[in-house]
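In what follows, a structure is listed as C-alpha cells, so that the remarks can point back to it.
The values are calculated or read from the model by the stated rules, or taken from the named source; none is laboratory data. The model shown is predicted, which means the values in this text are computed figures rather than measured ones. Don't worry about glycine lacking a Cβ; one is built from the backbone with ideal geometry, like all the others, and counts go over all protein chains shown. We work out accessible area using only protein heavy atoms, side chains counted, and drop any ligands, DNA or RNA first. Shrake-Rupley method; radii C 1.70, N 1.55, O 1.52, S 1.80 Å.
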Amino acid sequence: MLRDRKVSAREVATAFLDRAESTRELYGAYLHIDREWTLSQADAAQAKLDNGTAGPLTGVPVAIKDNISTAGQPTTCASKILDGYIPPYDATSMAKLKEAGLVAVGKTNLDEFAMGASNENSSAFPAKNPWDISRVPGGSSGGSAAAVAGRTAPVSLGSDTGGSIRQPAALCGIVGFKPTYGRVSRYGLVAFGSSLDQIGPMAHTVSDAALLAQAISGYDDRDATSLQMPSIDASRVQEGSIKGKRIAVPKELFAQGAEPGVLEAVHRAMDQLRAAGVEFVEVSVPEIELGVTTYYIIAPAEASSNLARFDGIRYGPRMEATGHVGTVAATRGQLFGHEVKARIMIGTYVLSAGYYDAFYLRAQQLRGKMAAHLDEVLQGCDAIIGPTSPVVAFPLGGLSQDPMAMKLVDYCTIPANMGGFPAISMPCGLSEGLPVGLQLMGRVTEDEALLQLAWQVEQALGPQAQPNLGLTQ
Ligand code: GLN
C-alpha cells in the first residue's frame with residue numbers, strides 16, 4: 001500500500017504510534033516513545049518512496065529493543081544506572097534500518113541489561129504477554145515480542161545471548177531469528193556477553209524476519225567480530241519444498257522438565273513435516289545437557305567485564321559518596337538491580353585467580369566440545385529441530401522466586417549461542433491455549449539456507465492461531 005501510494009508513511013507511522021500509545025499500560029512493551037522522532041523518520045521514508053530509492057521495507061514501522069543505541073533517544077537497557085542516558089550515535093543495525101527507510105516506533109522493554117527470561121527484571125515495569133496479560137511475554141526481548149504480538153509494530157529488533165530473541169518469540173506466538181554470530185554488527189549494542197550476543201529480527205512470518213535480517217546484516221569494520229560476508233540475502237527464502245530434507249532430532253532437546261503440552265505440540269508439528277516428506281534422524285548430543293551450566297559461567301564472566309564501565313562517572317546518574325571508590329560503589333550498589341549484581345559477582349568469582357581454571361577454563365572447553373559436536377551433526381543434516389522453550393508463557397511472578405527454574409527456560413536455546421549457529425523459532429500450535437515455539441538450528445554462515453527451510457516448514461505447518469486482541473480487523 002505504501003508503494004502504491006494508497007497510504008503515506010506518516011499515516012502508517014501514526015496508526016502504529018496510536019496503537020503503541022493506547023496499549024502502553026496494557027502490554028508494558030515500550031520504555032520510550034517520541035512521536036516527533038518517529039514521524040521525522042516517516043517523512044524521510046516518504047522521500048525515498050517519492051524519489052524511487054525505496055527498498056522492500058521502506059516506510060515499515062519497527063520497534064527497537066532498548067539496549068540498541070539510538071542517537072538522540074534514550075537507551076537505558078531498563079536499568080536505573082543508565083537512566084537519562086542518550087547516546088550520541090546510532091548502533092550500526094539502527095543506522096542500517098534508517099538507511100533502508102524503516103521507521104522506529106519506540107524503544108522496547110527488556111530484562112535489565114538483557115539478563116532474564118521473563119522481562120520481570122526490568123527496572124521500569126514488566127512487559128506482558130498479549131495472549132494473556134496475566135502472563136510474561138518471555139525475555140529478555142519481552143517488549144519487542146509483545147510489541148509485535150500486540151500489533152503495535154509489524155516487526156522489531158531483539159538481541160539474543162542465550163535465547164532472548166527466540167524464547168520470547170515462542171512465548172508470544174511469533175517468529176524470532178538469531179543470525180550466525182558475526183553477521184549482524186554488535187557496534188552500538190550495549191554488551192552483555194560479547195562472544196554470545198547477536199541482534200536479530202522478530203516478526204509475524206519467516207519472510208518478514210528474513211527481510212529485516214537482510215536490512216541489518218553485513219560486514220562492519222567497527223565490530224572486530226563482524227564476518228567478512230555480504231548481507232543476508234532474503235531474495236530466495238520463499239523457494240523450494242520441505243520434501244526430502246533431513247533434520248536431526250537430538251534426544252537431549254526433548255527432555256529436562258519440558259511441559260507435556262509443549263512436547264505434544266512439537267511432535268504434532270513433526271508428524272506434519274514427516275507427512276510432507278521430511279526425514280528425521282535421531283541423534284544424541286550429551287553436551288546439550290550441560291549448556292545452561294556452561295552458559296552461566298561464560299555469560300556472567302563476560303558481563304562482569306563489560307559492565308565495569310558503568311561507574312557513575314562515564315554514563316547516567318551518580319550517587320555521590322566519599323572518594324572515587326566510594327562513589328563508584330554507591331552508584332553500582334544502588335543502581336544495578338539484583339540479578340545484574342548477582343551475575344557481576346558470579347562472573348568476577350569465576351575469573352579470579354585460583355577459580356579461573358576450575359570454572360571459566362572448563363566452561364570454555366565444554367563450549368568448544370558442544371559446538372564441535374553440534375557442527376558434526378549439522379554436516380550430515382539440513383538442520384537440528386526441537387522445542388524453543390520447554391514451557392509456555394508462565395504467570396507473572398510464577399518463576400521469579402525460583403532462579404534455577406528461570407534459568408532452565410533457556411535450556412533449548414543456549415546451544416546455538418555456544419557455537420554461533422543461526423537459529424529460528426516459529427509458532428507450532430498451542431498448549432492450553434498458549435503458543436508453542438519450534439526451533440530450527442542451522443550451519444554457521446548458512447543463514448539463507450536456514451531461513452529458506454524455516455519458510456518451507458511454515459508452509460507445511462499452515463496458518464497458526466492468533467491472540468484475541470479485541471481488534472476489528
Ligand atoms: N535468559 C538468559 C539470561 O538470562 C538469556 C538472556 C539473553 O539471551 N540476553 O541470561
Exercise for the section: Quickly work out the H338-to-D233 label distance, labels modelled 7 Å from Cα along the C-beta direction, and quote it in nm with one decimal. Expected result: 5.1 nm
Practice task
Per residue, how big is the convex hull around the C-alpha atoms of segment 74-141? Give it to me in cubic angstrom, could you?
Solution key: 100 Å³
Practice task
About the Cα centre of segment 259-410, how large is the charge dipole given +1 on each Lys and Arg Cβ and -1 on each Asp and Glu Cβ? Please answer in debye to the nearest 20.
Solution key: 820 debye
Problem - Cα lying deepest toward the dipole's positive end in the chain, options S284, Q364, V60, charges on Cβ - result: V60
Fill in the blank from the handout: Taking only the alpha-carbon atoms of the chain, the convex hull volume per residue, in cubic angstrom, is 137 Å³
Practice task
Report, ordered by chain and residue number, the aspartates and glutamates lying within cross-link reach of K98, taken as a straight Cα distance under 14 Å and ignoring same-chain residues fewer than 8 apart.
Solution key: D43, D90
Fill in the blank from the handout: In nanometres, the difference between 0.36 nm per residue of separation and the alpha-carbon distance of T348 and K243 is 32.8 nm
Handout entry: DSSP beta bridges in the chain [antiparallel fraction, %, rounded to 5]
Key = 65 percent
Practice task
With a/c under 1.5 counting as rounded, go ahead and sort segment 389-473 into rounded, prolate or oblate using the C-alpha gyration tensor (a ≥ b ≥ c being the square roots of the eigenvalues; past the cut-off, prolate if a/b is larger than b/c, else oblate).
Solution key: oblate
Problem - Nitroxide proxy distance, nm - points 7 Å out along Cα→Cβ at K98 and R314 - result: 2.3 nm
Practice task
With the full set of protein chains in place, find how many percent of the accessible area of the chain is carbon and sulfur; take the probe as 1.4 Å.
Solution key: 53 percent
Practice task
With a probe of 1.4 Å, find how much accessible area the chain has per residue, and write the answer as a whole number in Å².
Solution key: 37 Å²
Fill in the blank from the handout: segment 332-394 and segment 134-189 have their Cα centres apart by a whole-number Å value of 19 Å
Problem - Contact order normalised by residue count of the chain, Cα under 8 Å, 6+ apart, percent - result: 17 percent
Problem - Neighbour cut-off at most 14 other Cβ (10 Å), DSSP loop, GluC sites (Glu not before Pro), segment 267-356 - result: E320
Practice task
Please give the contour-minus-distance gain from R222 to R268: 0.36 nm per residue of separation, less the Cα-Cα distance, rounded to one decimal in nm.
Solution key: 12.1 nm
